[in-house]
Amino acid sequence: VYNILMLQNRFHLIGFDADDTLWHNERLYHDARARFRAVLAACGAPYEEDDIDERVNETELRNLEFYGYGISSFVLSLIETSIELTSGRISGTDVRELIQLSKEMLAADVELFDDAADTLARVGAVGPLMLITKGDLLHQRAKVQRSGLADYFRYVEVVSHKTEEIYAGILQRHGVDPSRFLMIGNSVRSDILPVLQLGGWAIHIPAALSWSHEHADVPDALKDRCLVVDRLAVLPAVIGRLRQSSAAAGAGRD
Ligand SMILES: [Mg+2]
């Protein structure tokens, strides 16, 4: 038996990813890869563009366990790849250009997606919001401040990885049952799958540009608790319907 209060409290906590969910991010990397290819071409590295991108990607994945996610990690991978692809002939001047590139990325303006602030204001009326983002602690916190969106969030969590264990720990610390948690984000691997596997709910908003590493498929068995939408502005209506239909389906009984 459901009463109106239970319906209204269907979600005790609503999580948002930040990069490429609320603001542009991947296009900075996209532009940086292009500049990296130009640096390599200028030092005469005999490689095709696709090969260079592939090598950068391989280096990044290999380095995740050492440096984690974020721009500092990315630039170390660019420098390492440049050394490999020039057989050690890359100059100090070129390495300095890559370091300069990373500082420009770190200082770049935060450009919000359409309707980000309005959507957070409306979804925040449903339940408390938590920003959950992975990467460099200093940079991610700076972006939250610069975004102008900090006040919409009751909690901000900057994590090194977005795994099932990390989400479980966050929910435990906040006393939230996974079935009462909804996560919204652009990455199936980081924002959607681990939350569904825990028993939570997820809304996937695919971004125009995403790092290939973040792609994954949602198994059919988990699709009941996952929706896909194309933009932030539809979230208030979709979450409203989700609360109704999940109650009608008998989910989240407690
Ligand atoms: Mg993201």
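The values are calculated or read from the model by the stated rules, or taken from the named source; none is laboratory data. No experiment lies behind these values; they were computed from the predicted model shown. Backbone-built Cβ (ideal geometry, glycine too); neighbour counts: all protein chains shown.
Within region 98-151, if we keep just the residues that are within 16 Å of the ligand (Cβ to nearest atom) and of a type in the set (S, T, N, Q), the residue that is nearest to Asp17 (Cα to Cα) turns out to be Thr133. Checked against (1) more than 17 Å from His161 (Cβ to Cβ); (2) at pLDDT below 95, Ile79 meets all criteria but (2). When each of Gln172, Gln140, Gln145 is tested for being free of Cβ contacts under 8 Å to residues at least 24 places away in the same chain, part of a helix (DSSP H, G or I) and under 26 Å from His30 (Cα atoms), the lone residue that passes is Gln145. Within region 64-74, can one find any residue that is surrounded by fewer than 13 Cβ atoms within 10 Å (Cβ to Cβ) and in a helix (DSSP H, G or I)? Looking for residues that are surrounded by fewer than 13 Cβ atoms within 10 Å (Cβ to Cβ) and in a helix (DSSP H, G or I), one finds at least one in region 64-74, hence yes.
For the structure I just gave you, tell me whether Asp109 is in a loop (DSSP other than H, G, I, E, B), in contact with a helix residue (DSSP H, G or I) (Cβ under 9 Å, 6 or more places away or on another chain) and surrounded by fewer than 16 Cβ atoms within 10 Å (Cβ to Cβ). Here the answer is yes, as Asp109 does meet what is asked. Thr81 falls short of the stated requirement of being under 21 Å from the mean Cα position of the chain (by Cα), assigned to a helix (DSSP H, G or I) and surrounded by 16 or more Cβ atoms within 10 Å (Cβ to Cβ). From the list Glu214, Glu157, Glu164, the lone residue that is within 15 Å of the ligand (Cβ to nearest atom), closer than 24 Å to Gly68 by Cα and modelled with pLDDT of 95 or more is Glu157. Are any of the residues in region 28-43 more than 16 Å from the ligand (Cβ to nearest atom), under 27 Å from Trp201 (Cα atoms) and surrounded by fewer than 19 Cβ atoms within 10 Å (Cβ to Cβ)? No, every residue in region 28-43 fails to be more than 16 Å from the ligand (Cβ to nearest atom), under 27 Å from Trp201 (Cα atoms) and surrounded by fewer than 19 Cβ atoms within 10 Å (Cβ to Cβ).
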